[in-house]
Amino acid sequence: MRRLFIVNSLSERVARKGSVLHELYGDTDDIFYLDPFDYLPSTVERAAIDKVEHVIIEGGDGTVQGVISEFLRQEDRFANFPKFSIIPGGMTNQVAKNIGFASASPHRVKTKLASELSPTNNPLLIASELDGPDYSGFLFSTGAIPQITRYTTGQLHRKGIGGSLAVFGGILKGIRGDDATLMQLTSVHLDDLYEGEHLGTVITTLPGLILGLDPFWGEEEAPLRLTWVTSGYKKLGRNILGLWLGRKSVDRRKDGIFSVCRNEINYSYSGPVVLDGEFLSFPSGKFTVRASRPVTFLR
């Protein structure tokens, strides 16, 4: 199987400890360093020409998003779309923890790559506005989550607090109300589901989120899992704790918290937007989130 290793040398763990894939690639593998990202489109084009079957990405959530987005943009170049594996190399590594390798230990990665890997098919979500670019990723959010993301990257990461601990710290600070800027209400029109001020929305195609928190309980057969919190929310901390404990059968609508599954979701919204930790801009204020084709991940 022809393999391509893609490494982001600027990802937090890679920059601090060095690249695992740099140590492991052999004569039959190709390796590309995302420094800069500008050469990624031509690298994907070359991968199609070379009939690469397996792409191993070492980096954080933003790296995974950027790389797979480019492969999906050039999907028509491939006779057989490649399979992907993810080596955790960033600050949080939420995607890797769900559908990638659990460890970045050189020995464990080498052992895994030499063994028969287990496949899982998982679509990405694609966010785009009319005549704008497509952004592919795994976790999309509006409202409070972008506000918390700005806090964790601007405050906690600077203090050396990273990974799951930083995410937990941001969520806890928001729930406690220590900083009003983390919980500002913003106006949204969400398909036929909701219109008015909201605390936030979260959409994912992942089977779970970080720290064991999986705040989705929609029962419809559709790949996009959506939860939103209205402006009249109550008992937010208690509800989040209940979800953390796996209590998904509780009706939370009376507390202003809703969850459904959809194939496509249309937004009218001008507030902050984050996809896999990266801020996006939709100048028109109107955009759609839909599911991609299923992508095969080996882990």
Exercise. Sorted by packing (mean other beta-carbon atoms within 10 Å per residue), highest first, where do 281-287, 10-16 land?
Worked result: 10-16, 281-287
Problem set entry | Antiparallel DSSP beta bridges within the chain, percent to nearest 5 | 75 percent
Seminar exercise, completed: A chain fully extended from H189 to E53 at 0.36 nm per residue, minus the present Cα-Cα distance, gains in nm 44.8 nm
Problem set entry | Among 98-107, 213-222, 242-251, the order from most to least packed when residues are scored by Cβ within 10 Å on average | 98-107, 213-222, 242-251
For this session: Provide the per residue accessible area, probe 1.4 Å, for the chain, rounded to a whole number of square angstrom.
Result: 48 Å²
For this session: Quick one: dipole size for the chain, taken about the Cα centre, charges +1 on Lys/Arg Cβ and -1 on Asp/Glu Cβ, in debye to the nearest 20.
Result: 1220 debye
Problem set entry | Value of [θ]222 nm, deg cm²/dmol, for the chain, DSSP H segments ≥ 4, -39500 (n - 2.57) each, nearest 500 | -7500 deg cm²/dmol
Exercise. Based on the Cα gyration tensor of the chain, what are the three equivalent ellipsoid semi-axes, each the root of five times an eigenvalue, rounded to whole Å and given largest first?
Worked result: 33, 21, 18
Seminar exercise, completed: Helix 163-176: inclination vs the chain longest Cα principal axis, degrees, rounded to 10, gives 10 degrees
Seminar exercise, completed: FRET efficiency for K110 and A222 from the Cβ-Cβ distance with R0 = 35 Å, rounded to 0.05, comes out at 0.35
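Can you send over the carbon and sulfur percentage of the accessible area for the chain, probe radius 1.4 Å, protein chains only?
49 percent
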Exercise. What's the angle, to the nearest 10 degrees (0 to 90), between helix 61-73's Cα axis and the longest principal axis of the chain?
Worked result: 70 degrees
Seminar exercise, completed: Mean Cβ-within-10 Å packing, highest first, puts peptides 190-201, 35-46 in the order 190-201, 35-46
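The values are calculated or read from the model by the stated rules, or taken from the named source; none is laboratory data. This is a predicted model, so every value here is computed, not measured. Cβ atoms come from the backbone with ideal geometry, glycine included; neighbour counts cover every protein chain shown. Please note that ligands, DNA and RNA were not included when accessible areas were found on the heavy atoms of the full protein model with its side chains. Shrake-Rupley method; radii C 1.70, N 1.55, O 1.52, S 1.80 Å.
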